[in-house]
Structure formats: structure tokens, C-alpha cells
1. Kindly provide the set of residues from the stretch 70-99 that are surrounded by fewer than 18 Cβ atoms within 10 Å (Cβ to Cβ), aliphatic (A, V, I, L, M) and more than 20 Å from LEU193 (Cα to Cα), ordered by number.
2. Just to be sure I understand the filter: pairs with C-beta atoms under 6 Å, separated by 6 or more residues or on different chains, first member in the stretch 10-39 and assigned by TED's automatic domain parsing to the domain that holds THR166, second member buried (at least 20 other Cβ atoms within 10 Å of the Cβ) and of a type in the set (Ser, Thr, Tyr). Which pairs pass?
3. So, GLY32, is that one at pLDDT below 85 and surrounded by 20 or more Cβ atoms within 10 Å (Cβ to Cβ) or not?
4. I'm trying to understand the selection: among the residues of the stretch 331-382, which are in contact with a Ser or Thr (Cβ under 7 Å, 6 or more places away or on another chain), crowded, with 19+ Cβ neighbours inside 10 Å and not in a helix (DSSP H, G or I)?
5. Of (1) touching a helix residue (DSSP H, G or I) at 6+ places or on another chain (Cβ under 7 Å); (2) at pLDDT below 80, ALA385 satisfies all except one. Which?
6. Consider LEU319 carefully, then state whether it is in the same structural domain as VAL242 (by TED's automatic domain parsing) and either of a type in the set (Val, Ile, Thr) or closer than 22 Å to GLN265 by Cα (or both).
7. Does SER129 satisfy being in contact with a Phe, Trp or Tyr (Cβ under 9 Å, 6 or more places away or on another chain) and within 18 Å of LEU187 (Cα to Cα)?
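The values are calculated or read from the model by the stated rules, or taken from the named source; none is laboratory data. Model, not experiment: these values are computed from the prediction. Virtual Cβ from ideal backbone geometry, glycine too; neighbours counted across all protein chains shown.
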Amino acid sequence: METVKQTNKAPSLLQNKFLQTILLSNMLLQIGIWVRNFAILLFVAAKTNNDPYAISLISVAEFAPIFVFSFIGGTFADRWRPKRTMIWCDLLSAVSVFVVLITIHFGSWEWVYLVAFISAILSQFSQPSGMRLFKYHVPEEQLQQGMALFQSVMATFMVLGPMLGTFVYSRFGLEVSIAVMGIAFLLSAVVLLRLPKDVQEDRPPAVKGQFKQEFMEGFRYVWQSQVLRVLGLVFILAGLAVGVAQALNLFIVTERLGKSEEFLQYILMINGIAMLAGGGIVAVFAKKVPPQVLLAIGMLVGAVCTVIVGYSESVPLTLVTQFFNGLVFPCIHIGISTMILTWSHNSIVGRVNGVLNPMFIGMMVVSMSFAGVLKDAFPLTSIYAGAGVLFLLGACVLVPIMKQKAPNTAVEEQVA
């Protein structure tokens with residue numbers, strides 16, 4: 001079916017029913033996620049009098065499932081029907097939210113952590129399924145533009161999400177905020193019903209040990225592809241750089257700029273607005289720039305901007321730098337996503353995503369964990385210079401694959 005889709009002239013990207021549906025679903029999910037994130041953060045901070053341990057458990061609940069379930073979720077996403085998987089994940093998330101909501105109302109407030117934990121687990125099955133559907137329903141030449149539009153939605157909520165989450169929690173409280181998340185996930189499941197019917201694939205009947213075999217196949221597939229191996233290394237370097245920079249942002253505001261902690265929200269807002277603009281710019285020029293070049297541009301500019309932010313004591317310079325950093329950040333996300341989709345066969349997209357994604361998140365969490373130790377041992381300027389070097393190394397390792405052409409998966413599928 002994919003071969004027919006690619007030989008005919010592709011319709012306008014915004015006329016693509018799949019993309020319309022997936023973007024609307026993602027908007028609803030982002031509303032639920034941001035309202036949940038800020039409701040839990042503000043509630044736990046108030047309940048524990050800003051206890052750092054209690055607050056850090058929120059991040060553990062959100063990120064820990066990625067290590068455990070990303071590989072498993074990617075493998076099952078390749079075995080199950082993607083549309084059905086996404087709908088069931090959203091439905092189960094909604095049901096779990098309402099169950100936890102009842103538990104919180106009649107029992108202990110600590111159950112609030114379970115909302116983030118269960119949602120994070122289910123997302124490890126839903127997200128790679130969405131990547132598979134991108135591969136099925138968006139023509140190869142429009143993949144990068146499609147990812148740019150997807151990134152623009154994410155960037156929009158990076159600007160609006162904190163304000164929306166804070167408003168809902170401040171006005172209505174924890175229980176209504178969590179209920180909003182449940183309703184948003186429920187509506188997302190309804191919207192996903194508009195997706196085209198899952199393509200029937202001929203798969204051999206399940207046999208003992210097949211899951212383990214398919215699980216390991218994802219690692220072998222990544223290792224045997226030079227492009228995906230390099231991408232894994234980029235994930236590791238970018239994760240280390242992003243983690244330490246994010247963890248110490250607050251000290252840039254208080255120590256380098258001499259501002260109060262509240263000023264951080266303006267930096268994040270400017271960064272989010274720039275990301276939104278950057279996603280739109282990439283969407284316009286996506287067809288003309290190979291994804292590995294796009295990724296290298298993002299890493300190089302990220303390197304320069306990170307070093308400047310670390311050394312700057314000027315508020316205007318820092319804000320302008322953060323704007324440029326946000327402007328090119330979509331290049332990293334869109335470049336990586338497009339490369340995963342382009343260099344992965346339809347049958348293994350979920351597993352490739354499941355192998356690579358934890359590399360970034362894992363290294364980010366590791367560097368965030370050591371950020372405090374680094375802060376005690378080194379000045380901020382040195383730490384941010386080190387993060388800039390990591391970005392630069394990430395750009396350099398892309399050089400050997402810069403001229404590689406994407407494999408013709410349509411031909412592969414036809415031969416298969």
C-alpha cells in the first residue's frame with residue numbers, strides 16, 4: 001500500500017486526515033499533561049512545604065517508566081495494531097486517572113504520584129505506535145514537515161502550558177485539575193477513532209521466545225545501521241548537555257543575572273515562543289534540508305548558545321541567546337524524529353524508537369542527578385562551557401553520515 005501512496009502525487013500536508021487527527025489528539029493530551037504536571041507540582045510543594053525529596057519524586061514518577069517500559073513498549077508497538085494501541089492507551093490513562101482521583105478523595109494524597117506514573121507507562125506503548133502511523137500515513141517527502149508541525153504543537157504548549165496548569169489548579173484545586181486530565185485523555189481516544197483503519201499485516205503465529213527475539217532484534221537493527229548508531233551517540237551527548245543545563249537554569253537567573261527565581265519563567269516563555277517560531281520555519285524549509293544537516297545545525301547553535309548563557313551577566317544578551325537557542329531547538333527534535341522514521345523499516349519503527357529514546361532520557365536524568373555535585377565543584381561558566389562542548393561533539397559525530405541518502409523503504413517493502 002505504501003508503494004501506491006508514494007508513486008502518486010501527495011496531497012497537501014494539512015489535508016492529510018491522519019495528520020489532522022494526530023495533531024488534534026496531541027493538543028488534547030498536552031492540555032491534560034500540563035494541567036496534571038503543574039497541579040501535582042504545586043500540590044506536593046504546598047503539602048510538603050517545598051520538600052526537595054517529595055518534589056523530586058514527581059520527576060522519578062515521570063521518567064522512571066521510560067527506562068523500564070520503553071524497550072518493551074516499542075516491541076509491543078511493532079506487534080500490535082497501532083491505532084488500537086493508541087486508543088486503548090488513552091482510555092486506560094483516563095480510567096486510571098479517575099480511579100486515582102477517587103482514591104485521593106477518600107484516602108491518602110500520596111496516590112497523586114500514581115497519576116504521573118501510570119500515564120508515563122502507557123505513553124511508552126502509545127508514542128512508538130504514533131511513530132509507526134507517521135511512517136504509514138505521511139509520504140516520505142513530507143515526513144520532516146509533518147514532524148515540524150508536531151513540534152510546533154509541543155512548543156505552543158511550552159508557552160501556554162504552565163499558565164494553563166497554574167490557572168486551573170489555582171482556581172479549581174487538585175481534584176478538578178486531575179479530572180481535566182482524565183477528560184482530555186478520554187477526548188483524545190475519541191478523536192483517534194478518526195484515524196484510518198489499521199493496515200493488516202501478515203505475521204507468523206506467536207511462538208515461545210518470540211518476544212525476546214523481537215526485543216533483541218531492535219538492538220541489532222540499530223547496531224547494524226551506521227546512521228542509527230551515530231544517532232544513538234548524539235542522543236547520549238545531547239541528553240548529558242540538556243540535563244545539566246536545565247537543572248542549573250535557576251542558578252543562571254540568580255547568580256549570573258542577579259534576578260529573583262521568578263524571572264526564570266520569562267526565560268522559559270521566550271524559549272517556548274522561539275521554539276514555536278522555529279517549528280514553523282522548519283516546516284517551510286524542511287523539504288530542502290536533509291535531516292542530518294538539520295540536526296547538526298541545531299547541535300552547533302545549541303553549543304554556542306549554551307556557552308554564551310553560561311558566561312553572560314547581561315539580561316538582554318541572555319534573553320536574546322535563549323531566543324536563538326529556542327529557535328533552532330526544533331531542528332534537533334525534527335531531525336532526530338525524521339531520521340528514525342526514514343532509516344527504520346515499518347516493521348521495526350517502534351523498537352528503534354524504544355532503543356534510542358531511553359539513551360537521551362537516561363543521560364539527561366544522569367546529568368541532572370550530578371548537576372548539584374558539579375555546581376559545588378565548578379563555576380557555572382565551566383559547567384555550561386562543558387555542556388556546549390558536548391553539543392559540539394554531537395555535531396561532529398554526524399560528519400561521517402552527512403551525505404548518506406535515506407534507504408528506499410518502499411522498494412524494500414515491495415521486494416519483501
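1. Of everything in the stretch 70-99, those that are surrounded by fewer than 18 Cβ atoms within 10 Å (Cβ to Cβ), aliphatic (A, V, I, L, M) and more than 20 Å from LEU193 (Cα to Cα) turn out to be ILE72, VAL99.
2. Here the result reads SER25/SER188; LEU28/SER188; LEU29/SER188; VAL35/SER177; PHE38/TYR169; ALA39/TYR169; ALA39/SER177, each pair linking the stretch 10-39 to a residue that is buried (at least 20 other Cβ atoms within 10 Å of the Cβ) and of a type in the set (Ser, Thr, Tyr).
3. No, not satisfied.
4. The answer is TRP343, and nothing else.
5. Failed condition: (2).
6. Values: in the same structural domain as VAL242 (by TED's automatic domain parsing): yes; either of a type in the set (Val, Ile, Thr) or closer than 22 Å to GLN265 by Cα (or both): yes.
Criteria met by LEU319.
7. Spelling it out, it is not the case that SER129 is in contact with a Phe, Trp or Tyr (Cβ under 9 Å, 6 or more places away or on another chain) and within 18 Å of LEU187 (Cα to Cα).
Quick grid of which residues meet (1) at pLDDT 80 or above; (2) under 22 Å from MET339 (Cβ atoms):
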| site | (1), (2) |
| --- | --- |
| ARG194 | yes, no |
| ASP198 | no, no |
| GLY239 | yes, yes |
| VAL253 | yes, no |
| LEU257 | yes, no |
| GLN265 | no, no |
| MET275 | yes, yes |
